[in-house]
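A quick write-up on the structure given underneath.
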Amino acid sequence: MSAFFFRNLKKNYPVVASATGVRITDTDGRVYLDGCSGAVVANLGHGVGEINDAIKEQLEQVAFAHTTQFVSKAGLTLAEKIVELTPPGFREGARVYFMSGGSEAVETALKMARSYFVHLGENQRTVCLSRWQSYHGSTFGALSATGHLARRKPYEPMLPAHFHVCADYRYRCKCGFAPGPCSNIECSIAIADELESAILAAGPENVMAFIAEPIVGATLGAAVPGRSYFPRVREICDKYGVLLIADEVMTGLGRTGTAFGMDHFNVVPDIIVLGKGMAAGYQPLAAVVAAGRVVKAFEDSSGIFEHGFTYSAHPVACAAGLATIEYVRKHNLIERVRAGESDLFKRAEELLNTGIIGDIRGKGFMMGLEFVKDRKTKEPFSAEIRISQLVAQEAMKSGLLIYPGSGFIDGVNGDHIMVAPPFTITDNEIGELFEKLKEALIRVSKQLLS
Ligand SMILES: Cc1ncc(COP(=O)(O)O)c(C=O)c1O
């Protein structure tokens with residue numbers, strides 16, 4: 001018996017004892033290779049001395065000061081470092097608003113978009129559009145934007161109204177002609193055009209923002225859209241004066257081999273949402289980065305953003321974020337991810353022999369493997385089997401942590417796992433990761449296909 005409210009009260013969780021590099025040890029002495037950086041968070045691996053030192057130093061100076069009264073040096077410097085990474089056309093006059101987690105950041109981005117239009121005097125703009133099969137967080141605003149049916153279901157009657165369009169999910173492209181993942185440019189354009197139809201249906205004068213993950217994470221297993229998708233989305237947003245919010249909570253700051261996921265498509269959003277890897281799990285930290293043109297509406301009006309959290313821009317979290325960004329730069333970790341991508345994906349190809357994987361996708365160190373019963377028809381395994389959970393359990397038995405997900409085809413069916421190791425993982429450790437994963441997959445496939 002325990003007083004701890006576990007995520008699942010029917011499940012036993014190991015008690016974590018320590019962690020260093022890519023390995024986590026529990027109190028029974030079992031060691032796990034962290035093949036998914038927790039939940040795509042621990043980008044630097046565990047126990048990095050420089051980050052711990054920066055946290056201690058900040059604690060010794062000042063642990064907490066409220067943002068209605070003070071700003072910390074760490075917060076000021078970190079904001080500058082983040083803005084430096086943003087693309088031209090965004091960074092001039094851009095500003096960063098800090099908070100503790102990705103859901104808070106999405107809430108903030110939605111409220112910022114609304115406030116932007118209030119400052120401009122366009123009070124009627126209240127509608128936010130997002131996509132099915134997306135994840136934006138678990139608070140009410142963020143969950144209303146989220147398009148994962150199973151996560152929405154228990155709370156559906158309480159969620160604020162929100163409009164959803166389709167995601168550009170290449171493996172199961174709606175055109176239905178391509179046997180493998182579809183790379184037809186026209187399909188991506190057609191899917192992007194659904195956004196225009198939705199804007200017209202809502203009345204363009206009422207729409208304030210469209211929020212999307214550049215590469216969908218937890219709810220679609222690293223699904224990369226076609227090249228033409230986001231450029232078209234940008235055109236549509238511009239046509240109707242709608243803000244484009246890039247939810248980069250998972251993709252931001254190097255995970256996909258570029259500073260931001262949107263960089264792959266040469267698209268400049270209006271607002272960028274960051275979280276997870278920002279402080280690499282050393283502290284809870286997230287941020288909303290507003291492009292100069294968004295900030296200007298606030299500056300030209302009252303200057304007030306009617307919003308805030310007690311722990312906004314917590315000095316210790318900002319110090320951890322600053323040390324993280326400096327560590328990434330000093331050790332060229334974004335380049336490391338970019339250079340390591342082909343090896344990671346080459347090794348994954350071997351897993352296709354297990355007969356239960358239909359698609360391997362992703363960018364950089366963010367990889368998704370989708371399970372299918374039949375590779376030709378792409379028929380998924382029955383949802384009751386919970387294959388992604390089974391694989392995660394078997395991997396854990398082999399001493400490997402991976403990130404399972406399900407329900408992305410229709411809210412019930414569709415299973416994937418994500419492989420997303422720390423940027424600091426060595427080539428040998430990548431070899432070990434795939435050996436362990438292969439063992440787990442072979443055990444599961446024997447169980448299911450025999
Ligand atoms: C793209 C995206 N947005 C938002 C969130 C929510 O972040 P948090 O769990 O820190 O609230 C997540 C978390 O997985 C995410 O992947």
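Identify, from the list V31, V40, V48, V16, the residue that is of a type in the set (A, V, I, L, M), modelled with pLDDT of 95 or more and within 16 Å of the ligand (Cβ to nearest atom).
Details: V31 fails: within 16 Å of the ligand (Cβ to nearest atom); V48 fails: within 16 Å of the ligand (Cβ to nearest atom); V16 fails: within 16 Å of the ligand (Cβ to nearest atom).
Checking each option against the conditions leaves just V40.
Within the range 295-330, how many residues turn out to be under 23 Å from the mean Cα position of the chain (by Cα) and more than 18 Å from V71 (Cα to Cα)?
6
Would you say S450 is without any contact (Cβ under 8 Å) to a residue 12 or more places away in the chain and open to solvent by 20 Å² or more (accessible area, probe 1.4 Å)?
yes
Between a first residue in the range 203-215 that is part of a strand (DSSP E or B) and a second residue that is among the charged types (D, E, K, R) and away from the ligand (no atom under 16 Å from the Cβ), which pairs have beta carbons less than 9 Å apart while being 6 or more apart in sequence or on different chains?
From residues that are part of a strand (DSSP E or B), the pairs are V207/R125; M208/R114; M208/E122; M208/R125; A209/R114; A209/R125; A209/D270.
Could you tell me how many of the residues in the range 148-169 are open to solvent by 20 Å² or more (accessible area, probe 1.4 Å), closer than 24 Å to D415 by Cβ and part of a helix (DSSP H, G or I)?
7
Looking at the range 209-220, is at least one residue under 21 Å from R293 (Cα atoms) and away from the ligand (no atom under 11 Å from the Cβ)?
Yes, because at least one residue in the range 209-220 is under 21 Å from R293 (Cα atoms) and away from the ligand (no atom under 11 Å from the Cβ).
Conditions (1) away from the ligand (no atom under 11 Å from the Cβ); (2) closer than 30 Å to G75 by Cα, marked per residue:
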position	(1), (2)
A105	no, yes
V118	yes, yes
G147	yes, no
P154	yes, no
A167	yes, no
R170	yes, no
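Here's the yes/no breakdown for (1) at pLDDT below 95; (2) open to solvent by less than 40 Å² (accessible area, probe 1.4 Å); (3) touching a Pro at 6+ places or on another chain (Cβ under 6 Å); (4) not in a helix (DSSP H, G or I):
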residue	(1), (2), (3), (4)
Q389	no, no, yes, no
A395	no, yes, no, no
D410	yes, no, no, yes
P421	no, yes, no, yes
E432	no, no, no, no
V444	no, yes, no, no
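Provide a single number: the residues in the range 114-142 that are free of Cβ contacts under 8 Å to residues at least 40 places away in the same chain and not small (G, A, S).
5
Please tell me if R234 is in contact with a strand residue (DSSP E or B) (Cβ under 8 Å, 6 or more places away or on another chain) and either in contact (Cβ under 8 Å) with a residue 40 or more places away in the chain or open to solvent by 10 Å² or more (accessible area, probe 1.4 Å) (or both).
Numbers: in contact with a strand residue (DSSP E or B) (Cβ under 8 Å, 6 or more places away or on another chain): yes; either in contact (Cβ under 8 Å) with a residue 40 or more places away in the chain or open to solvent by 10 Å² or more (accessible area, probe 1.4 Å) (or both): yes.
Against the criterion (in contact with a strand residue (DSSP E or B) (Cβ under 8 Å, 6 or more places away or on another chain) and either in contact (Cβ under 8 Å) with a residue 40 or more places away in the chain or open to solvent by 10 Å² or more (accessible area, probe 1.4 Å) (or both)), R234 qualifies.
Restricting attention to the range 1-30, which residues are open to solvent by 90 Å² or more (accessible area, probe 1.4 Å) and assigned to a strand (DSSP E or B)?
Hits for the range 1-30 are V16, T20.
Just to be sure before I move on: is R347 in a strand (DSSP E or B) and basic (K, R) in the structure I sent?
So R347 does not fit the description; no.
Within the range 293-308, work out how many residues are surrounded by 15 or more Cβ atoms within 10 Å (Cβ to Cβ) and either part of a loop (DSSP other than H, G, I, E, B) or in contact with a His (Cβ under 8 Å, 6 or more places away or on another chain) (or both).
4
Given the conditions (1) more than 16 Å from the ligand (Cβ to nearest atom); (2) surrounded by fewer than 21 Cβ atoms within 10 Å (Cβ to Cβ); (3) not in a loop (DSSP other than H, G, I, E, B), which single one is not true for R227?
In the conditions (1) more than 16 Å from the ligand (Cβ to nearest atom); (2) surrounded by fewer than 21 Cβ atoms within 10 Å (Cβ to Cβ); (3) not in a loop (DSSP other than H, G, I, E, B), R227 misses (3) alone.
Output yes when any residue across the range 348-355 is farther than 15 Å from A223 by Cβ, in contact with a Ser or Thr (Cβ under 9 Å, 6 or more places away or on another chain), open to solvent by less than 60 Å² (accessible area, probe 1.4 Å) and of a type in the set (A, V, I, L, M, F, W, C), and no when none is.
no
Out of (1) assigned to a loop (DSSP other than H, G, I, E, B); (2) buried (at least 20 other Cβ atoms within 10 Å of the Cβ); (3) out of contact with any Asp or Glu (no Cβ under 8 Å at 6 or more places or on another chain), what's the single condition that is false for I417?
All conditions pass for I417, except number (1).
The values are calculated or read from the model by the stated rules, or taken from the named source; none is laboratory data. Every value quoted in this text rests on a predicted model; they were computed, and no experiment measured them. Cβ: placed from backbone, ideal geometry, glycine included. Neighbour counts: every protein chain shown. The protein model used for the area step is the full one, side chains on, heavy atoms only, and it has no ligands, DNA or RNA in it. Shrake-Rupley method; radii C 1.70, N 1.55, O 1.52, S 1.80 Å.
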